[in-house]
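The values are calculated or read from the model by the stated rules, or taken from the named source; none is laboratory data. Please read these numbers as outputs of a predicted model, since none were measured by experiment. Glycine gets a Cβ as well: all are built from the backbone with ideal geometry, and neighbour counts include every protein chain shown.
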Amino acid sequence: MSNLTPSGPALFILGGIELRGIPRENADHLLAQSKVVALLSYLALAPPARHQRRDRLVGLLWPELDQAHARAALRKAIHLVRAALGRDVLRTRGDEELALAPGALWCDAVELQRSTEVGQLARAMDLYRGDLLPGFHLPECGEFDAWLETQRAAALERVVAASWALAQLLESHSQLTDAAQMARHAARLAWNDERALRRALTMLQRLGDRASALLLFHEFARRLRAEYGADPSPETTALVASLRS
């Protein structure tokens, strides 16, 4: 299966949740089961070829059930996945370990990680359509939700880093308009990180785009007040004052 274009089953979990490459009714049936979505996402984002113990999976996804009922729920989820995606999509090792078969299910979040690791910056930008599993939450599954927040932050961190690297590359090639656009994009992605904002403001000043820098600052200040009831730091306001002068 190509890393660039999925030719088989594909799981999209950035900016939305979709399952492509299988009949629509099968995909809809799987995606209607939140624990199945969680299971597929967890297995997809695990290190390649690393098997997960069933005890770990039932503890993450069915902590409210006793061991017997939790394992039965996991077996049902596995059956649903295999019925929709094929028996070979999941591999077992003994009776207690489970993993996705290599190459059996393409995932955009995994491809994002690969793209950033090998420096395919534009590819990473194309893949990131928004938060990982946006709005997804499993009641009573606090450990899974904590894992998910960590994964969301990691995906965002990867694409912000790719944005900055691309902005610097564009600037070095004198593609100043595109560099400024990418700097603004990076700051908006990491909107509540004032260090990222100041980095963007400094680059925009260097590129001679002070108007965009001031607009970006005002967007940040409005959102900061609306969401946190706070004002920008003295360091940021000092930088903006230098822009105005």
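Looking at Leu176 and the list (1) under 30 Å from Ala83 (Cβ atoms); (2) of a type outside the set (D, E, K, R); (3) surrounded by fewer than 19 Cβ atoms within 10 Å (Cβ to Cβ); (4) out of contact with any strand residue (DSSP E or B) (no Cβ under 9 Å at 6 or more places or on another chain), which single condition is not satisfied?
Failed condition: (1).
I'm trying to understand the selection: among the residues of segment 186-201, which are buried (at least 19 other Cβ atoms within 10 Å of the Cβ) and part of a loop (DSSP other than H, G, I, E, B)?
The answer is Ala190, and nothing else.
Inspect all residues belonging to segment 202-213 and state whether any of them is surrounded by fewer than 17 Cβ atoms within 10 Å (Cβ to Cβ) and under 25 Å from the mean Cα position of the chain (by Cα).
Among the residues of segment 202-213, not one is surrounded by fewer than 17 Cβ atoms within 10 Å (Cβ to Cβ) and under 25 Å from the mean Cα position of the chain (by Cα), which makes the answer no.
Closer than 30 Å to Leu60 by Cα and without any contact (Cβ under 8 Å) to a residue 12 or more places away in the chain: does that describe Ala146?
Working: closer than 30 Å to Leu60 by Cα: yes; without any contact (Cβ under 8 Å) to a residue 12 or more places away in the chain: yes.
Spelling it out, Ala146 is indeed closer than 30 Å to Leu60 by Cα and without any contact (Cβ under 8 Å) to a residue 12 or more places away in the chain.
Does at least one position in segment 218-239 carry a residue that is modelled with pLDDT of 95 or more, closer than 26 Å to Ala124 by Cα and surrounded by 13 or more Cβ atoms within 10 Å (Cβ to Cβ)?
Yes: segment 218-239 contains one or more residues that are modelled with pLDDT of 95 or more, closer than 26 Å to Ala124 by Cα and surrounded by 13 or more Cβ atoms within 10 Å (Cβ to Cβ).
Of all the residues that make up segment 74-102, how many are over 13 Å from Leu43 (Cα atoms) and either loosely packed, with under 14 Cβ neighbours inside 10 Å or outside the structural domain of Ala46 (by TED's automatic domain parsing) (or both)?
11
Sort out which residues of segment 38-71 are closer than 18 Å to Glu111 by Cβ and free of Cβ contacts under 8 Å to residues at least 40 places away in the same chain, and write them in order of number.
Selection gives Pro47 alone.
Could you please let me know if Leu112 is crowded, with 18+ Cβ neighbours inside 10 Å, more than 23 Å from the chain's Cα centre (by Cα) and not in a loop (DSSP other than H, G, I, E, B)? Give the derivation first.
Working: crowded, with 18+ Cβ neighbours inside 10 Å: yes; more than 23 Å from the chain's Cα centre (by Cα): no; not in a loop (DSSP other than H, G, I, E, B): yes.
Against the criterion (crowded, with 18+ Cβ neighbours inside 10 Å, more than 23 Å from the chain's Cα centre (by Cα) and not in a loop (DSSP other than H, G, I, E, B)), Leu112 does not qualify.
Residue-wise test of (1) in contact with a strand residue (DSSP E or B) (Cβ under 8 Å, 6 or more places away or on another chain); (2) of a type outside the set (D, E, K, R); (3) buried (at least 17 other Cβ atoms within 10 Å of the Cβ); (4) in a helix (DSSP H, G or I).
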residue: Ala122; (1), (2), (3), (4): no, yes, no, yes
residue: Arg129; (1), (2), (3), (4): yes, no, no, no
residue: Phe136; (1), (2), (3), (4): no, yes, yes, no
residue: Glu143; (1), (2), (3), (4): no, no, no, yes
residue: Trp147; (1), (2), (3), (4): no, yes, no, yes
residue: Ala155; (1), (2), (3), (4): yes, yes, yes, yes
residue: Arg158; (1), (2), (3), (4): no, no, yes, yes
residue: Ala162; (1), (2), (3), (4): no, yes, yes, yes
residue: Ala165; (1), (2), (3), (4): no, yes, no, yes
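Can you name every residue in segment 22-36 that is outside any helix (DSSP H, G or I) and under 12 Å from Ala83 (Cα atoms)?
Narrowing segment 22-36 to residues outside any helix (DSSP H, G or I): 22-23, 32-33.
Ile22, Pro23, listed by residue number.
Of Val160, Val118, which residue is farther than 21 Å from Leu19 by Cα, of a type in the set (Val, Ile, Thr) and touching a Leu at 6+ places or on another chain (Cβ under 6 Å)? Outline the logic, then answer.
Numbers: Val118 fails: touching a Leu at 6+ places or on another chain (Cβ under 6 Å).
Step by step, each of Val160, Val118 is checked, and only Val160 is farther than 21 Å from Leu19 by Cα, of a type in the set (Val, Ile, Thr) and touching a Leu at 6+ places or on another chain (Cβ under 6 Å).
Tally time: how many residues in segment 47-71 are more than 27 Å from the chain's Cα centre (by Cα) and either surrounded by fewer than 14 Cβ atoms within 10 Å (Cβ to Cβ) or not in a helix (DSSP H, G or I) (or both)?
Initially, segment 47-71 is screened for residues more than 27 Å from the chain's Cα centre (by Cα), giving 64-71.
From what is left, the residues that are either surrounded by fewer than 14 Cβ atoms within 10 Å (Cβ to Cβ) or not in a helix (DSSP H, G or I) (or both) are 64-69.
Qualifying residue count, segment 47-71: 6.
For segment 161-192, enumerate the residues that are in contact (Cβ under 8 Å) with a residue 12 or more places away in the chain and among the acidic types (Asp, Glu). It would help to see each step written out before you state the result.
To start, the set of residues in segment 161-192 that are in contact (Cβ under 8 Å) with a residue 12 or more places away in the chain comprises 161-167, 169-171, 176, 179-180, 182-192.
Of everything in segment 161-192, just one residue is in contact (Cβ under 8 Å) with a residue 12 or more places away in the chain and among the acidic types (Asp, Glu), namely Glu171.
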